[in-house]
1. Where the centre of each part is set by its Cα atoms, how far does the range 149-173 sit from the range 213-276, in angstrom?
2. Enter the mean projected area of the convex hull around the alpha-carbon atoms of the range 1-124, in nm², rounded to one decimal.
3. Probe of 1.4 angstrom, ligands and nucleic acids ignored: what's the accessible area per residue over the chain, in square angstrom?
4. So which residue, out of Asp216, Asp95, Asp41, gets the largest mean-square fluctuation from a GNM of the chain using Cα contacts under 10 Å as springs?
5. Given R₀ = 45 Å, what would the calculated FRET efficiency be for Ala226 paired with Arg7, taking r from the Cβ atoms and rounding to 0.05?
6. Which one of Thr242, Thr120, Thr168 has the biggest mean-square fluctuation once the chain is modelled by GNM with Cα springs under 10 Å?
7. May I ask you to evaluate 6.51 cos²θ - 1.76 cosθ + 1.60, the Karplus curve with θ = phi - 60°, for each residue of the range 187-192 and list the ³J(HN,Hα) values in order in whole Hz, giving x for glycine and proline?
8. For Ser262 paired with Ala19, estimate the spin-label separation in nm (one decimal), with each label point 7 Å from Cα along the Cα-to-Cβ line.
Amino acid sequence: MGELRVRAALADAAGTLAAVSETPRLDAELLMAHALGVSRDALLLSRLDDPVPDAFAALVGRRLAHEPIAYITGRRGFWTIELGVGPGVLVPRPDSETLIEAAVEHFADRAPGRVLDLGTGPGTLLLAALDQWPEAQGLGIDASGDALAYARRNAEALGMADRAELRTGDWARGLDGQFDLILANPPYIGTAEALPREVREHEPPQALFAGADGLDDYRRIVPDLARLLAKGGIALLEIGSTQGEAVSTLVRRSGLSPRVISDLRGLSRVVAAVEL
C-alpha cells in the first residue's frame, strides 16, 4: 500500500473532527498547513499530493481534545492582519470585525488620529485599526500581562510598535486625554451561561465572564466614555446578541447617544456611542 498523501489525510481528519467542530474540513486544512509550514492557500494549490507530515496526527489529537485551532497553530487572521495568539488570550473572532467595519463607516473619507482599545488582548482591535489608518496613533489597555506580551510582539511583527502604546490598566481608570475612536470588546458572558468546551476549558475566564448578567464591565467602562471621546468621534462596544438594550441604556445615562449594529449573521453585535 502506498504512503498516505495529504489529500486523503485531510478527508480522514475532517471526518474525525466533525465530532468536535462545526468546520471540520477547514480545521483539518489549517492543521495540515501548519504541519507542513505553509499557508493554507499553498497547501490547497500545490501540496495535496505530498506525504503526510509526522506532526499532523498529534495536531489533530489536540483539536479532538477541544483545543482551539488558533492555540494549536499560534496564529489567527483578523481583518487585514494576522496575529500571534496562544493560551492566556482571547481568540480573535470574525464577529469582532463588526467594530472595525462600523468605524470605517463612521470616519468615511477621514481618519481617526487617536485610537483607544480597552481590553486589547493580543492587540486585536487596536492593531486592526492602526493597519486601516496608517497615520493613526493608538493606546491599548489590558489588565493581563500575558495578553500585553502578545500585543507587543504583534505590534512589533506588524511594524506598528512606534504607533501602538500598550499599558497595563483597569479599563479607563486613570486615563487622560481624548480619543477619536474608542474600541472595547469586554467580557460579556454571564457566569451561568453555557459555552463550548474549547472556549470554557481553554480561553481565559477573565476575558469571558462579567457577572451574573454579563454586564459588570460595561457598568465600569461606559461612564468614562463621554470624557474620553473627542468631538466627532465614536466609541464602539462589542456586546452579546441579547445585550443591545441594556448597554444602550447605560450609554444614554452617560450622556451619549447609542445605536445598535448587527453583525453579518444579523445578530446585535455592537453598541456605537456618539455625542448627543
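1. 23
2. Across all orientations, the range 1-124 yields a mean hull projection of 9.6 nm².
3. Heavy-atom accessible area per residue stands at 46 Å².
4. Maximum fluctuation in the GNM of the chain, among the listed residues, is at Asp41.
5. That pair, Ala226 with Arg7, gives E of 0.20.
6. Thr242
7. x, 9, 9, x, 5, 9
8. My value for the distance between the label points is 3.8 nm.
The values are calculated or read from the model by the stated rules, or taken from the named source; none is laboratory data. Since we're looking at a predicted model, the values are computed, not measured. All Cβ positions, even for glycine, are placed from backbone atoms using ideal geometry, and neighbour counts span all protein chains on display. Protein only, heavy atoms only, side chains kept; ligands, DNA and RNA dropped before computing areas. Shrake-Rupley method; radii C 1.70, N 1.55, O 1.52, S 1.80 Å.
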